[in-house]
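Encoded as structure tokens, the structure appears first; notes follow it.
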Amino acid sequence: MEKRRFAKSSLEVARHNLDALFAAYSEATGIGVAYVSEFVADDRAFVYRYNRKPINFTSYDRVVGRFSELWPKGTDWPADVPRSAPEALPKKALDLLNARKARQAAKAAAKVPALPGDADWPDDIPQPPNPNNTEARSG
């Protein structure tokens, strides 16, 4: 008797699509999947739970719509995942994103440029303050 092949269930397709979106977004932005889950699903554990428990289409549509809203410009949407219309993020999610951006900007501003090898800081260039060491490097 010949084995019949069946199409994937809607739940399997939804899980595959969410896996692809979380992975691609996290890779493109460098943001961990739990943090991404918090602002696209209002729940850090959602990313770990949807593969073990059923999800409803309302939740799926909301998460995919929020990914669509947040998708980084210049980054390709996963080819095998249908893209839905963007859905605005709630204030809580926007606050989380803005706080993260502010922390990233503060980190970037506080970084002292690294010089190659053991090179001393040039005398003709003012040295930026080092947040980890208040003493300036001497040359």
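Which one of Ile125, Ile55, Ile31 has the biggest mean-square fluctuation once the chain is modelled by GNM with Cα springs under 10 Å?
Judging by the Gaussian network model, the answer is Ile125.
If the cut-off is a Cα-Cα distance under 23 Å, which lysines reach Lys91, setting aside same-chain residues fewer than 8 apart in sequence?
The reachable lysines, counting only those whose Cα sits under 23 Å from Lys91, are Lys73, Lys101.
Using only C-alpha positions, report the orientation-averaged shadow area of the convex hull of the chain, nm², one decimal.
That works out to 14.4 nm², a quarter of the Cα hull's surface.
Would you mind telling me which residue in Pro122, Pro86, Pro72 has the biggest mean-square fluctuation in a Gaussian network model of the chain, where springs connect alpha carbons within a distance under 10 angstrom?
Ranking Pro122, Pro86, Pro72 by mean-square fluctuation puts Pro122 first.
If the elastic network links every pair of Cα atoms under 10 Å, which of Ala23, Ala88, Ala106 fluctuates the most in the Gaussian network model of the chain?
Judging by the Gaussian network model, the answer is Ala106.
Readers should treat all values here as calculations from the given coordinates under stated rules, not as data from a laboratory. Just so you know, these numbers come straight off a predicted model, no measurement behind them.
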